[in-house]
């Protein structure tokens with residue numbers, strides 16, 4: 001009887017989703033690179049990617065069979081080389097596509113906003129990354145969406161990323177969905193940038209997207225781990241996704257901005273076991289071997305420093321600066337967080353923090 005019950009549970013799980021409709025996207029190089037960049041800027045850490053690590057990681061990712069590999073991000077920068085998997089142009093990042101690429105895998109790059117002159121971006125051709133992710137800038141929402149549409153017209157598979165999706169109203173999301181349908185984007189994401197989404201939030205976003213989004217457009221979920229909920233939230237996302245094509249983001253060792261991301265080494269065997277995927281776990285662990293020594297102490301993974309900003313639905317950099325640069329105690333940080341004005345919570349700046357500290361006579 002016990003074996004029968006277990007089999008029934010497995011059958012129910014498998015019946016909830018077409019396993020071929022789940023894609024795993026690893027963004028270790030991009031989100032991890034941005035995490036290292038934040039540590040460099042705030043804590044003056046010296047840990048960086050080398051081209052050797054980037055190439056070796058890509059080689060192992062190819063052998064894992066992971067569906068989508070994000071090679072890094074594109075933005076204007078003063079950095080020489082690619083210390084954080086950062087690049088100036090799409091042509092530059094595309095040089096890291098391996099010659100022995102797996103044709104069943106997709107290679108993509110992320111634009112951190114609509115800053116690169118779209119006229120300078122070439123029409124897509126097979127020598128370039130196949131997909132582009134664009135972080136929507138809430139303060140420049142129309143410009144960001146128009147940018148995505150321009151990239152789609154150039155032939156790229158566009159992944160639309162409304163950072164901090166919890167900030168958007170339903171009307172704004174419906175407008176966004178309609179524009180995504182019009183441009184026939186590859187995917188529309190909901191993004192838990194500050195790591196405070198709960199299960200009911202995951203369900204609400206999925207239902208809203210699923211009802212209005214064209215069936216050929218994928219729904220993506222990018223989670224962060226401030227409250228240790230990334231893995232459980234993604235499991236719920238998969239349970240409710242049914243036949244909808246979906247994408248799950250993860251990074252090796254959870255490497256990433258703030259508390260970091262869903263760990264690829266957790267979700268990969270979960271998908272193998274429960275959704276009959278056939279990813280190569282040993283090759284993923286080879287990536288972890290390379291990445292783990294890069295982790296600055298306390299940089300990502302659960303910590304009290306990452307939990308506090310999530311409790312207050314606030315940008316993690318406020319706490320990062322107060323704890324790591326100003327050496328504030330947790331109770332003192334908590335007191336400051338309680339007094340941050342709502343219009344400051346979604347965006348950290350040095351000026352915003354200093355204004356709050358001045359108002360508290362700190």
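The values are calculated or read from the model by the stated rules, or taken from the named source; none is laboratory data. Source: prediction; values computed, not measured. Heads up, the Cβs are rebuilt from the backbone with ideal geometry, glycines too, and the neighbour counts pull from every protein chain shown.
Residue check: is residue 335 farther than 24 Å from residue 105 by Cβ and either surrounded by fewer than 18 Cβ atoms within 10 Å (Cβ to Cβ) or under 21 Å from the mean Cα position of the chain (by Cα) (or both)?
Against the criterion (farther than 24 Å from residue 105 by Cβ and either surrounded by fewer than 18 Cβ atoms within 10 Å (Cβ to Cβ) or under 21 Å from the mean Cα position of the chain (by Cα) (or both)), residue 335 qualifies.
Can you tell me which condition residue 21 does not meet? The list is (1) out of contact with any strand residue (DSSP E or B) (no Cβ under 9 Å at 6 or more places or on another chain); (2) surrounded by fewer than 18 Cβ atoms within 10 Å (Cβ to Cβ); (3) farther than 22 Å from residue 194 by Cβ, and all the others hold.
So residue 21 meets the others, but not (1).
For the stretch 352-362, check the following and say yes or no: at least one residue is part of a loop (DSSP other than H, G, I, E, B) and either under 22 Å from the mean Cα position of the chain (by Cα) or surrounded by 17 or more Cβ atoms within 10 Å (Cβ to Cβ) (or both).
No; the residues of the stretch 352-362 include none that is part of a loop (DSSP other than H, G, I, E, B) and either under 22 Å from the mean Cα position of the chain (by Cα) or surrounded by 17 or more Cβ atoms within 10 Å (Cβ to Cβ) (or both).
Is it true that residue 49 is outside any helix (DSSP H, G or I), surrounded by 18 or more Cβ atoms within 10 Å (Cβ to Cβ), assigned by TED's automatic domain parsing to the domain that holds residue 125 and over 18 Å from the mean Cα position of the chain (by Cα)?
yes
Farther than 18 Å from residue 247 by Cα, in the same structural domain as residue 248 (by TED's automatic domain parsing), in contact (Cβ under 8 Å) with a residue 40 or more places away in the chain and not in a helix (DSSP H, G or I), is that true of residue 102?
yes
Residue 126: surrounded by fewer than 15 Cβ atoms within 10 Å (Cβ to Cβ) and in the same structural domain as residue 155 (by TED's automatic domain parsing), yes or no?
Yes.
Please verify whether the stretch 274-282 includes one or more residues that are modelled with pLDDT of 90 or more, under 19 Å from the mean Cα position of the chain (by Cα), within 22 Å of residue 25 (Cβ to Cβ) and in the same structural domain as residue 27 (by TED's automatic domain parsing).
There is no residue in the stretch 274-282 that is modelled with pLDDT of 90 or more, under 19 Å from the mean Cα position of the chain (by Cα), within 22 Å of residue 25 (Cβ to Cβ) and in the same structural domain as residue 27 (by TED's automatic domain parsing).
Mind checking which residues of the stretch 242-275 are surrounded by fewer than 21 Cβ atoms within 10 Å (Cβ to Cβ) and in a loop (DSSP other than H, G, I, E, B)?
Within the stretch 242-275, 242, 243, 244, 245 qualify.
What single numbered condition from (1) touching a residue at least 24 places away in the same chain (Cβ under 8 Å); (2) closer than 24 Å to residue 47 by Cβ fails to hold for residue 265?
Only one criterion in (1) touching a residue at least 24 places away in the same chain (Cβ under 8 Å); (2) closer than 24 Å to residue 47 by Cβ is unmet by residue 265, namely (1).
Yes or no: the stretch 105-122 includes at least one residue that is part of a loop (DSSP other than H, G, I, E, B), within 20 Å of the chain's Cα centre (by Cα), farther than 17 Å from residue 73 by Cβ and at pLDDT 95 or above.
The answer is yes; a qualifying residue exists.
Looking at the stretch 45-93 only, could you name the residues that are touching a residue at least 60 places away in the same chain (Cβ under 8 Å), within 30 Å of residue 321 (Cβ to Cβ) and in contact with a strand residue (DSSP E or B) (Cβ under 8 Å, 6 or more places away or on another chain)?
70
What do you reckon, is residue 223 without any contact (Cβ under 8 Å) to a residue 60 or more places away in the chain and out of contact with any strand residue (DSSP E or B) (no Cβ under 6 Å at 6 or more places or on another chain)?
yes
Looking at the structure I just gave you, is residue 158 in contact with a helix residue (DSSP H, G or I) (Cβ under 6 Å, 6 or more places away or on another chain), under 28 Å from residue 105 (Cα atoms) and either part of a loop (DSSP other than H, G, I, E, B) or not assigned by TED's automatic domain parsing to the domain that holds residue 193 (or both)?
Here the answer is no, as residue 158 does not meet what is asked.
Residues in the stretch 62-97 that are in contact with a helix residue (DSSP H, G or I) (Cβ under 6 Å, 6 or more places away or on another chain) and either surrounded by fewer than 19 Cβ atoms within 10 Å (Cβ to Cβ) or not assigned by TED's automatic domain parsing to the domain that holds residue 49 (or both): how many?
Of the residues in the stretch 62-97, 1 are in contact with a helix residue (DSSP H, G or I) (Cβ under 6 Å, 6 or more places away or on another chain) and either surrounded by fewer than 19 Cβ atoms within 10 Å (Cβ to Cβ) or not assigned by TED's automatic domain parsing to the domain that holds residue 49 (or both).
Mind checking whether some residue in the stretch 29-37 is under 29 Å from residue 320 (Cβ atoms), in the same structural domain as residue 103 (by TED's automatic domain parsing), at pLDDT 95 or above and part of a strand (DSSP E or B)?
So far as the stretch 29-37 goes, no, none of its residues is under 29 Å from residue 320 (Cβ atoms), in the same structural domain as residue 103 (by TED's automatic domain parsing), at pLDDT 95 or above and part of a strand (DSSP E or B).
Of the conditions (1) touching a helix residue (DSSP H, G or I) at 6+ places or on another chain (Cβ under 9 Å); (2) within 21 Å of residue 136 (Cβ to Cβ), residue 247 satisfies every one except a single condition; which number is it?
(1)
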